[in-house]
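Readers should treat all values here as calculations from the given coordinates under stated rules, not as data from a laboratory. Worth saying up front: this structure is predicted, and the values here are computed from it rather than measured. Neighbour counts run over all protein chains shown; Cβ positions are idealised from the backbone, glycine included.
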Amino acid sequence: MDTQVVIIGGGPSGLLLSQVLNRAGIATVVLERSSRAHVLSRIRAGVLEWGSVELLREAGIGARMDVQGLPHDGTYLTDGDRMVHIDFKALTGRRVMIYGQTEVTEDLYAAQDAMGTTVLHGVEDVVIEDLDAAQASVSFTVDGARRTLTCAYVAGCDGFHGVSRKTIPEAKRQEFERVYPFGWLGILSRTPPVHDELIYANSEHGFALASMRNPNLVRYYVQVPLSDKVEDWSDDRFWTEFKRRIPAQAAAALVTGPSIEKSIAPLRSFVSEPLRWGRLLLLGDAAHIVPPTGAKGLNLAFSDVHYASEALIAALAHGSTAGIDGYSARALQRIWKAMRFSWQMTTMLHQFEGEDSFAAQMRRATLAHLADSETAQKDLAENYIGLPY
Ligand code: FAD
Ligand code: DHB
């Protein structure tokens, strides 16, 4: 056997899995299609659940996060100018950490370099075979040469458009999907945050989110129609639109500046079952997508790493395959609960094109109930800070 686990995809789930497995003495090879610079240029998630924070610390990559990350004790949900504070710390005893996916990925690459693990970039035409044989094989092209690696297990960490999920025969896969009729236009700007905590804003002009990366770098989003292109949105147009969607008291404190990144992401809920097929395990976006409202995408990828690494270590270091057999059912339990939360947050906060007059009232009533009910706040807080593994 050439290696114990071939990991397809060098995004956050593939790199963290490699990190955890190598620390347990299990040999891996990571196959990544893009260059490292390209992986690190993608601006994505910004909020880590405390379970993710602890997982990163246990994997030996918490040092920079603990210095540069911003622990947040709560967040705001707003309806027009009405701001509802959700105090995670008071309601659950836990908090979240603001630390960008880019930073996590950079820390993971540095740790992999230090450990001397194998991460191949520029890998093309990956083909996964022999998943029901005594050993699996993965063939690919790198630097113009075709290579094959045999291994005990294959980890599919190659995102929504990867090859791993599609290796499972279509007749054996069940897919569940909802596509939302809008996207998020996001900008990154070197300006101070409009507020000390995140603001999820429901307004008569549509949804907006005020997030941040550090005390002088903000990540702000507005809901846009799917037909919009980034070129349709000048910085001026973005700032004007963002300002009228957040509460007046926050808008009064808004500092604007040039955007240093601007992109549109479509919103989708998607789950493909099962997560395991013979010697293949699927993790992260390769198996499921959530709409970003509620910041669950990256965190779900990390809880998959927790379950999958436990199963792989039990199998490869201790000879027990019960965890592999149970991986799909175990991970899916948590995945579906995060699906529900992300869908509920999306529905509660966004305008749907062509909606009836009742829909806006339901959003307002949900937020009014949240403002008045500690039970409702606790439910939201418990989901936002992350359900237990
Ligand atoms: P990915 O990050 O997609 O990594 C997969 C890796 O596999 C990539 O590096 C890719 O190059 C590689 N790959 C793909 N195909 C192949 C192949 N055939 N061979 C080899 N390698 C391959 N989540 C949030 O919580 N908040 C957000 O604001 C947010 N914004 C997002 C914006 C966008 C545009 C996207 C796409 C996602 C966003 N997410 C967000 C979700 C979050 O970023 C993902 O859940 C997270 O990146 C999942 O990590 P992953 O490692 O499973 O997948
Ligand atoms: C960010 C993204 C989210 O989807 C979210 O719910 C919170 C923060 C962000 O990019 O900072």
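Peptides 264-274, 45-55, 194-204 ordered by packing proxy, namely the average of other Cβ atoms within 10 Å per residue, highest first: 45-55, 194-204, 264-274.
With coordinates expressed along the principal axes, the C-alpha atoms belonging to region 166-299 extend over 56, 30, 24 Å, beginning with the largest. The angle separating the long axis of helix 101-115 from the principal Cα axis of greatest extent in the chain is about 30 degrees. For the chain, the longest principal axis of the alpha carbon atoms and the long axis of helix 12-23 meet at an angle near 50°.
Averaging over all projection directions, the Cα-based convex hull of the chain occupies 19.4 nm² in the image plane. By how many degrees, 0 to 90 and rounded to 10, does the Cα axis of helix 357-372 deviate from the longest principal axis of the chain? Helix 357-372 sits roughly 90 degrees off the main axis of the chain. The alpha-carbon of residue 166 sits under 18 angstrom from the alpha-carbons of these aspartates and glutamates, leaving out residues fewer than 8 places away in its chain: 32, 124, 125, 129, 130, 132, 158, 175, 177, 273, 285. Computed over the alpha-carbon atoms, region 259-340 gives an Rg to Rh ratio of 1.07, Rh here being the Kirkwood radius from the mean inverse distance. Here the peptides 58-69, 1-12 are ranked by packing, the mean other Cβ count within 10 Å, and the order with the highest first is 1-12, 58-69. The relative contact order of region 167-236 comes to 33 percent, based on Cα pairs under 8 Å that sit 6 or more residues apart. Full extension of the chain segment joining residue 173 with residue 34 gains 47.3 nm, where the gain is 0.36 nm per residue of separation less the Cα-Cα distance. Expressed to the nearest 5 percent, the antiparallel share of DSSP beta bridges inside the chain is 75 percent. For residue 217, nonlocal amide neighbours, meaning residues 5 or more places apart or on other chains whose placed amide H falls under 5 Å from its own, are 191. Across every pair of non-identical alpha carbons in region 224-274, the mean reciprocal distance, once inverted, gives a Kirkwood radius of 13.4 Å.
The helix-based estimate of mean residue ellipticity at 222 nm for the chain, built from -39,500 (n - 2.57) per DSSP H run of four or more residues and divided by its residue count, is -11500 deg cm²/dmol to the nearest 500. Taking a sphere under 14 Å around the Cβ of residue 124 and counting the other residues whose Cβ falls inside, with K and R at +1 and D and E at -1, yields a net charge of -1.
Taking all Cα pairs closer than 8 Å and separated by 6 or more residues, the relative contact order of the chain comes to 21 percent. Counted by neighbouring Cβ atoms within 10 Å, the residues 189, 211 run from fewest to most as 189, 211. Remark: C-alpha extents of region 20-82 on the principal axes read 53, 27, 19 Å, sorted largest to smallest. Beyond 25 Å between alpha-carbons counts as too far, so tell me which of 89/337; 243/378; 89/243 fall in that bin. Pairs exceeding 25 Å: 243/378; 89/243.
Rounded to whole numbers, the Karplus 3J(HN,Hα) couplings from phi for region 187-196 are 10, 10, 8, 7, 9, x, x, 5, 8, 7 Hz, using 6.51 cos²θ - 1.76 cosθ + 1.60 with θ = phi - 60°, and x at Gly and Pro.
Of 157, 151, the sequence from fewest to most neighbouring Cβ atoms within 10 angstrom is 151, 157. Protection proxy ranking for 380-388, 77-85, 365-373, using the average of other Cβ atoms within 10 Å per residue and placing the highest first: 380-388, 77-85, 365-373.
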